[in-house]
Amino acid sequence: MSLRPPDPKTVRLAHRRLERRLGPLDPPLRRDPVEELVLTVLSQNTSDVNRDRAFAALRGRFPTWDALASADAPDVADAIRPGGLSQIKAPRILAILREIRDRDGSLDLVWMRDASDEDAAAYLVSLPGVGPKTAACVLAFSLERPVIPVDTHVFRVAGRLGWIPPEANADQAHELLAAVVPPKLRVSMHVGLIRLGREICKAGRPRCEDCPLNDLCPTAPTYMAGRADHA
Ligand code: SF4
C-alpha cells in the first residue's frame, strides 16, 4: 500500500465523486454546543436511531440543561437506556455538564461562536471525557469550523484510501486528515466518508468493485483480486 499522502487534486476529485454518487454531503443540523456534546456521548457504540431515541427521552425527562446537570446518575441512565451503555454514558454526560456549570457559571456555550478555533478546541478537550472526536463534532456541527471529525467509519475508509498511515490512531487522524483535506471540504468530506463507510467500504469486506474511488485507492486491488479468486 502506498504511504504517500494524497495530493490536493486527488482529494478534490474524491470529494466530487462522493458527492456525485451519494448526493449532497450536508452535515447534521446545526446544534447548540451543549446539545452536540450530549448527543456525541449518546452516539457512542450505537446507531443514530437509538441515539436520537435516547436524546428525546433525556430531554423529555430533563427539559433544561440545569435540570439534567442536577439529576442523579441512575435517573439519567434510566432515561437514556434506549441508547445502550447507559451506566457509562450517564456519568459521562453529568461530568461534562457539571464541569461547564462550575467553570462558566451556566450551561451556555454561545461564547464559543466568537472564539478562535484554537480556543474553542482547547476548552472542549479540557472537559472531562472529551477527546478530539467529540471536540471536532462540536466544532464542525455547532460552530461551523473547518474540521473533520474522525469516527470509526472515517478512520477505516481514510486508512484504506492511504490518507492516513497504518500506524496512526483515530485521535492522530484528526490532524493528519486536516493536513490533506482542504478546509472548505472537511465537514462534507466527513459526511461523504461516513456514508461510503456505511454503504460500500464496510468493516469486513468492502465492495471495492462498486466504489467510486476504487481507481484512487491503494487497497482496492487487494480486495478486488480476492473477489476474482473466489469467483
Ligand atoms: S476502493 Fe474499496 S477499500 Fe478503497 S475506499 Fe473504496 S470500498 Fe474502501
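What follows draws every value from the coordinates through simple rules; no lab data is involved. These numbers come from a predicted model, not from an experiment. Ideal geometry is used to build each Cβ from the backbone, glycine not excepted, and the neighbour counts take in all protein chains shown.
How much FRET efficiency would the formula 1/(1 + (r/R0)^6) give for Arg12 and Asp32, where r is the Cβ-Cβ distance and R0 is 25 Å, rounded to 0.05?
After rounding to 0.05, the efficiency reads 0.20.
Take the Cα of Glu144, step 7 Å along the line toward its Cβ, and report every residue of region 100-134 whose backbone nitrogen sits under 20 Å from that point.
109-121
Once each part is reduced to its C-alpha centroid, what is the distance from region 177-207 to region 1-49 in angstrom?
For region 177-207 versus region 1-49, the Cα centre distance is 6 Å.
What's the tally of Lys pairs in the chain whose alpha-carbon atoms lie under 23 angstrom apart, where the two lysines are 8 or more places apart or on different chains?
Lysine pairs, 8 or more places apart or on different chains, close enough: 4.
Relative to the longest principal Cα axis of the chain, at what angle does helix 186-199 sit, 0 to 90 degrees, rounded to 10?
70 degrees
Ranked by Cβ crowding within 10 angstrom, fewest neighbours first, how are Thr40, Thr64 ordered?
Thr64, Thr40
Near Asn50, within a Cβ-to-Cβ distance under 12 Å, what is the net charge of the other residues, with Lys and Arg +1 and Asp and Glu -1?
Here the count lands on +2.
Note down the magnitude of the dipole of region 33-141 about its Cα centre, charges +1 on Lys and Arg C-beta and -1 on Asp and Glu C-beta and zero elsewhere, to the nearest 20 debye.
460 debye
What angle do you read, to the nearest 10 degrees and between 0 and 90, between the alpha-carbon axis of helix 48-61 and the longest principal axis of the chain?
10 degrees
When all C-alpha to C-alpha distances in region 33-141 are sorted into bins of 5 Å, what percent of pairs does each bin hold, rounded to whole numbers?
Percent of pairs per bin, in order: 2, 13, 25, 26, 19, 11, 4, 0.
How far, in degrees from 0 to 90, does helix 8-22 lean away from the longest principal axis of the Cα atoms of the chain, to the nearest 10?
80 degrees
Defining a contact as two alpha carbons under 8 Å apart and six or more residues distant in sequence, what relative contact order in percent does the chain show?
Relative contact order here is 26 percent.
Relative contact order (percent) for region 104-231, with alpha-carbon contacts under 8 angstrom and 6 or more residues of separation?
Averaging sequence separation for qualifying contacts and normalising by length gives 20 percent for region 104-231.
Using r as the Cβ-Cβ distance of Ser47 and Val125, and R0 as 45 Å, what FRET efficiency do you calculate, to the nearest 0.05?
Step by step, r from the Cβ atoms, then E = 0.95.
Please compute the net charge surrounding Pro74, taking Lys and Arg as +1 and Asp and Glu as -1 over other residues with Cβ under 15 Å from its Cβ.
+1
Starting from region 129-231, pick out the GluC sites (Glu not before Pro) whose DSSP state is loop and whose Cβ has at most 13 other Cβ atoms within 10 Å.
Glu144, Glu167
What percent do you get for the relative contact order of region 87-136 when only Cα pairs under 8 Å and 6+ apart count?
Across region 87-136, relative contact order equals 37 percent.
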